[in-house]
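The values are calculated or read from the model by the stated rules, or taken from the named source; none is laboratory data. This structure is a prediction, so every number in the text was calculated from the model and none was measured. Positions of Cβ are generated from backbone atoms using ideal geometry, with glycine treated the same way; all protein chains shown enter the neighbour counts.
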Amino acid sequence: MTYYQILNIPQGATQLEIKAVYRKLAFQHHPDRGGDRDQFSVIQKAYEALDDPKRRREYDESLKRRPVKNLRELATSLAQEACSL
């Protein structure tokens, strides 16, 4: 699962969109509000990677080099790229 899938955003999402989705998910899943600590940690890690432009570029490049696990994942990836053009 990619960080984009964790946050349920397209790969072409803006920084403002990423922040808004993160804040919503963090509010829902924060351990102090009864959420799961592990799930919150994963959401936080995804946000930290995508919030910083340099880290996001590096992450996006790593996705391109990653082997495709199945055709559905490939189709989804290609559709997301096409939508961001």
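Brief remarks follow.
- Contact annotation: residue pairs with Cβ atoms under 6 Å, 6 or more positions apart or on different chains, pairing a residue in the stretch 4-30 that is of a type outside the set (Asp, Glu) with a partner that is modelled with pLDDT of 95 or more and not in a helix (DSSP H, G or I), are 21/9.
- Residue that is modelled with the lowest pLDDT [pool: residues in the stretch 57-66 that are under 21 Å from residue 22 (Cα atoms) and not aromatic (Phe, Trp, Tyr)]: 63
- Scanning the stretch 16-38 for residues being at pLDDT below 95 and in contact with a Pro (Cβ under 9 Å, 6 or more places away or on another chain) gives a total of 1.
The rows are residues; the columns are (1) out of contact with any His (no Cβ under 9 Å at 6 or more places or on another chain); (2) under 23 Å from residue 66 (Cα atoms); (3) exposed (fewer than 15 other Cβ atoms within 10 Å of the Cβ).
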{"residue": "9", "(1), (2), (3)": "yes, yes, no"}
{"residue": "20", "(1), (2), (3)": "yes, no, yes"}
{"residue": "23", "(1), (2), (3)": "yes, no, yes"}
{"residue": "27", "(1), (2), (3)": "yes, no, yes"}
{"residue": "31", "(1), (2), (3)": "yes, no, yes"}
{"residue": "40", "(1), (2), (3)": "no, no, no"}
{"residue": "43", "(1), (2), (3)": "no, yes, no"}
{"residue": "48", "(1), (2), (3)": "yes, yes, yes"}
{"residue": "53", "(1), (2), (3)": "yes, yes, yes"}
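- Taking the stretch 30-39 as the range and being outside any loop (DSSP other than H, G, I, E, B) and in contact with a helix residue (DSSP H, G or I) (Cβ under 6 Å, 6 or more places away or on another chain) as the test, the residues that pass are 31, 37, 39.
- The residues on offer are 45, 69, 54, and the sole one that is modelled with pLDDT under 90 and on the phi < 0 side of the Ramachandran plot is 69.
Yes/no per residue for (1) in contact with a helix residue (DSSP H, G or I) (Cβ under 7 Å, 6 or more places away or on another chain); (2) aromatic (Phe, Trp, Tyr); (3) not in a loop (DSSP other than H, G, I, E, B):
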residue: 9; (1), (2), (3): yes, no, no
residue: 16; (1), (2), (3): no, no, yes
residue: 23; (1), (2), (3): no, no, yes
residue: 28; (1), (2), (3): no, no, yes
residue: 41; (1), (2), (3): no, no, yes
residue: 49; (1), (2), (3): yes, no, yes
residue: 62; (1), (2), (3): no, no, yes
residue: 76; (1), (2), (3): no, no, yes
